[in-house]
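Enquirer: A single structure is presented below for examination.
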Amino acid sequence: MMGSIGKDEVILPVAHVHARRFDDEFVILDLSGGSYYALNAVGAHIWEGLLAGRTPAQVAHSLTAQYRVDYETAVNDCVALVDELLARGLLRRKG
Amino acid sequence: MTRQTGANDWSVTLPEDGDARFRWRRSQDGVVAEWVDVLTLCVDLKGQIDCTPAPGVDPVLAAKLAGTEALAFVRALRGEPSLHGSAVARAGAAVACLGDAGAGKSTAAAELCKASGFELLADDVVALELSTSRWRVLPTESAHWLSTTDSTVKKPVPARARGAAPVDLRILARLRFDDRAPRLDARRVRGSEAYSVLSSAVIRFERADAVQRRELDFLSSIASQAQVYDVIRPRGCPAGATAALLAEIATEVA
């Protein structure tokens, strides 16, 4: 089993996932499993940042600009969410 | 992150469920859909539609099915979305009432037409079209289907006023009864909760990936243009009160 994602790694989308914004949240449809996931506003911010090609560290920086959160907390939260998304097969690591 | 299942269950019976009420298949000649003992629908490769009632079936029932579920089926083949619900319009704004069977969708539509100056667009299937980047409800039905006081079987009641043209969809209200609810209440829902409400109303006939992707795109677009409400009331709440609340919301949104 792979360890936690590095904060400077690039994350990629996967083919069987389709996501769309609903107000300030994101709904992620897993077409392979028939279930859906919901991300709150912060999760939606992270999701959009990752899919725009930014690393967790870069996304964390943008979180500190938008929310009242320090960088360490933001990057830890970001990595934790990415780990969960990877574990559920909703994203994949580059390489 | 929250994970959920269930909101993507089909709202229309599929053949693999083992329920023979409805079934459909593709063939080399096109598509055949059958509402067993009521109606058979054939769509050939050129898109020509043939709708044949079963022998001895009530022609009013067959016509109702042809104008609702069969309509939704043909629209789905074309990639056009439909929702299970009723819809009315006033002053250029359409209100769709969603909810499970028995939630009061038709009754709410009838009350809105009777007391608040709305016109009927749909009683059972809300057919939607995208026009100049706006989702509009097509006028598809001219009668409310309501239960009478002495029977639970629904019968058609001609609408006092019927919409003649497509109307911008502005409000989607999911109606439901909850006897724990102290009173009638309407709550605006957003985000994934709006998705859940809308997803449970989509009329689906297949699970292909492309269909699911298109549906999510559609629901996201709908949620960005219209307001979604959860309307809860205890059983026994007068239908007129529900309609009055919906009319009030429509006035505010307009």
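The values are calculated or read from the model by the stated rules, or taken from the named source; none is laboratory data. Not measured: the values here are computed from a predicted model. Cβ placement follows ideal geometry from the backbone for every residue including glycine, while neighbour counts extend to all protein chains displayed.
Enquirer: Would it be correct to say that A:GLU84 is charged (D, E, K, R), free of Cβ contacts under 8 Å to residues at least 60 places away in the same chain, within 11 Å of another protein chain (Cβ to nearest Cβ) and not in a strand (DSSP E or B)?
Expert: Yes: the conditions hold for A:GLU84.
Enquirer: Also, quick follow-up: Just one of A:SER32, A:SER4, A:SER62 is part of a loop (DSSP other than H, G, I, E, B), in contact with a helix residue (DSSP H, G or I) (Cβ under 8 Å, 6 or more places away or on another chain) and of a type in the set (S, T, N, Q); which is it?
Expert: So the residue among A:SER32, A:SER4, A:SER62 that is part of a loop (DSSP other than H, G, I, E, B), in contact with a helix residue (DSSP H, G or I) (Cβ under 8 Å, 6 or more places away or on another chain) and of a type in the set (S, T, N, Q) is A:SER4.
Enquirer: Here is a further query. Which residues, counting only those in the range A:1-34, are in contact with an Asp or Glu (Cβ under 7 Å, 6 or more places away or on another chain), of a type in the set (A, V, I, L, M) and either surrounded by fewer than 20 Cβ atoms within 10 Å (Cβ to Cβ) or closer than 23 Å to B:GLU215 by Cα (or both)?
Expert: Result: A:VAL17, A:LEU31.
Enquirer: Looking for whichever is more than 13 Å from chain A (Cβ to nearest Cβ), over 15 Å from the mean Cα position of the chain (by Cα) and at pLDDT 95 or above here; the options are B:ARG187, B:ARG176. Which one fits?
Expert: Within the list B:ARG187, B:ARG176, the selection yields B:ARG187.
Enquirer: Could you look through the range A:35-55, keep only residues that are crowded, with 19+ Cβ neighbours inside 10 Å and outside any helix (DSSP H, G or I), and pick out the one that is farthest from the other protein chains (Cβ to nearest Cβ)?
Expert: Checked the range A:35-55; the qualifying residue farthest from the other protein chains (Cβ to nearest Cβ) is A:THR55.
Enquirer: Name the residues in the range B:141-169 that are surrounded by 14 or more Cβ atoms within 10 Å (Cβ to Cβ) and aliphatic (A, V, I, L, M), would you?
Expert: B:ALA143, B:LEU146, B:VAL157, B:ALA159, B:ALA161, B:VAL167, B:LEU169
Enquirer: Determine whether B:ALA226 is in contact with an Asp or Glu (Cβ under 8 Å, 6 or more places away or on another chain) and either surrounded by 13 or more Cβ atoms within 10 Å (Cβ to Cβ) or within 9 Å of chain A (Cβ to nearest Cβ) (or both).
Expert: No: the conditions fail for B:ALA226.
Enquirer: Given the residues B:LEU216, B:LEU172, which is the only one that is touching a residue at least 24 places away in the same chain (Cβ under 8 Å) and either buried (at least 19 other Cβ atoms within 10 Å of the Cβ) or assigned to a strand (DSSP E or B) (or both)?
Expert: Matching residue, one of B:LEU216, B:LEU172: B:LEU172.
Enquirer: Something else now. Regarding B:SER86, is this residue polar (S, T, N, Q) and modelled with pLDDT of 95 or more?
Expert: Here the answer is yes, as B:SER86 does meet what is asked.
Enquirer: Which residues, counting only those in the range B:64-108, are touching a Leu at 6+ places or on another chain (Cβ under 7 Å), assigned to a strand (DSSP E or B) and small (Gly, Ala, Ser)?
Expert: The answer is B:SER82, B:GLY85, B:ALA87, B:ALA89, B:ALA94, B:ALA96.
Enquirer: Could you count how many residues in the range B:175-187 are in a strand (DSSP E or B) and out of contact with any helix residue (DSSP H, G or I) (no Cβ under 9 Å at 6 or more places or on another chain)?
Expert: 3
Enquirer: Exactly one condition in (1) exposed (fewer than 13 other Cβ atoms within 10 Å of the Cβ); (2) farther than 24 Å from B:ASP168 by Cα is not met by B:PRO234; state its number.
Expert: Every listed condition holds for B:PRO234 apart from (1).
Enquirer: Continuing with this model, one more query. Can you name the condition, by its number, that B:LEU112 falls short on among (1) under 12 Å from the mean Cα position of the chain (by Cα); (2) under 25 Å from B:THR251 (Cβ atoms)?
Expert: Among (1) under 12 Å from the mean Cα position of the chain (by Cα); (2) under 25 Å from B:THR251 (Cβ atoms), B:LEU112 violates only (1).
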